[in-house]
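K.L.:
Shown below is the structure under consideration.
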Amino acid sequence: MDAQNKETHYTYADYCAWDEEMRYELIDGIAYAMSPSPSQAHQTIVGRLFRKIGDFLDGRSCQIFIAPFDVRLNAESGDDTVVQPDLLVVCDKSKLDGKACVGAPDMVIEVLSQGTARRDRLEKFRLYEKAGVREYWIVDYDDSTIHVHILDNGRYYTQVFGERDNLHIHVLEGCVINLSEVFAE
């Protein structure tokens with residue numbers, strides 16, 4: 001498999017045949033190798049968010065998943081886009097096939113890392129908006145901010161929250177996260 005070969009158009013079937021030792025994302029048929037190991041700060045933020053949202057969801061119908069977990073954004077059409085967000089929330093259990101989320105999750109969280117920041121801010125923003133992800137967070141631990149994108153009439157509008165804010169999750173009514181606890185040293 002030649003990662004990031006823009007001459008070859010890959011599908012989910014190709015993706016499933018690749019070596020599981022190396023992780024990839026597939027965006028519009030182009031394979032992107034994923035970083036082998038995120039930074040400590042990245043993992044700390046992902047862990048804190050997972051714990052806080054997971055605790056809120058305990059006993060509720062929605063589920064939270066942590067990477068690696070495949071999201072097949074266009075399984076009904078080209079099936080050539082498979083991403084592995086850091087965290088995702090799925091409230092419609094019919095979208096879960098035992099291996100992946102088939103279709104748009106209700107919420108996606110990407111914690112920026114040096115190698116993926118551009119893709120998270122541009123390509124994935126476009127993908128998630130087009131697919132109908134209702135809430136998309138981009139977490140920047142370097143400046144302790146979260147850019148929250150809420151889908152409204154097919155387009156995202158954005159709000160920015162900092163480490164002193166309480167963030168109300170739009171798609172999870174009643175779930176509020178104190179960001180000083182997320183970004184604590």
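What follows draws every value from the coordinates through simple rules; no lab data is involved. Being a predicted model, the structure only gives us computed values, none of them experimental. We place every Cβ from the backbone using ideal geometry, glycine too, and count neighbours over all the protein chains shown.
K.L.:
Quick one: net charge around Leu179, please, counting Lys, Arg +1 and Asp, Glu -1 for every other residue with C-beta under 9 Å from its C-beta.
P.N.:
Its environment carries a net charge of -2.
K.L.:
Starting from the 7 Å offset along Cα-to-Cβ, what nm value, one decimal, do you get for the label separation of Asp152 and Glu21?
P.N.:
Rounded to a tenth, the inter-label distance reads 4.9 nm.
K.L.:
Let me ask something else about it. What spacing in nm lies between the two simple spin-label points modelled at Ser39 and Arg126, each 7 Å away from Cα in the Cβ direction?
P.N.:
Rounded to a tenth, the inter-label distance reads 2.7 nm.
K.L.:
What residues have an amide H closer than 5 Å to that of Leu96, excluding those fewer than 5 places away on the same chain, when H is modeled at 1.01 Å from N in the peptide plane?
P.N.:
It is Val102, by chain and number.
K.L.:
How about the chain: what cysteines have no other cysteine beta carbon under 4.7 Å from their own?
P.N.:
If one checks each Cβ against the other cysteines of the chain, Cys16, Cys101, Cys175 turn up with nothing under 4.7 Å.
K.L.:
Per-residue counts of other Cβ atoms within 10 Å, averaged by peptide: what ranking do you get for 162-173, 79-90, 129-140, highest first?
P.N.:
Ranked from most to least packed, the peptides come out as 79-90, 129-140, 162-173.
K.L.:
Provide the gained length on full extension for the span Arg48 to Gln63, in nm with one decimal, where the gain is 0.36 nm per separating residue minus the Cα-Cα distance.
P.N.:
Roughly 3.8 nm would be gained on extension.
K.L.:
Taking the 0 to 90 degree range and rounding to the nearest ten, how far is the long axis of helix 40-57 tilted relative to the main principal axis of the chain, both from C-alpha atoms?
P.N.:
On a 0 to 90 degree scale, this one is about 70.
K.L.:
So, one more: Take Gln114 and Ser180, extend 7 Å from each Cα along the Cα→Cβ direction, and tell me the distance between the two endpoints in nm.
P.N.:
The answer from the label model is 3.2 nm.
K.L.:
Further question on the same structure: For the chain, what is the relative contact order in percent, using Cα pairs closer than 8 Å and at least 6 residues apart in sequence?
P.N.:
For the chain, the relative contact order is 15 percent.
K.L.:
Ranked highest first by the average count of other Cβ atoms within 10 Å around their residues, in what order do 56-62, 9-15 fall?
P.N.:
9-15, 56-62
K.L.:
Then there's this: Taking R0 as 22 Å, what FRET efficiency do you get between Thr11 and Lys99 from their Cβ-Cβ distance, rounded to the nearest 0.05?
P.N.:
Step by step, r from the Cβ atoms, then E = 0.90.
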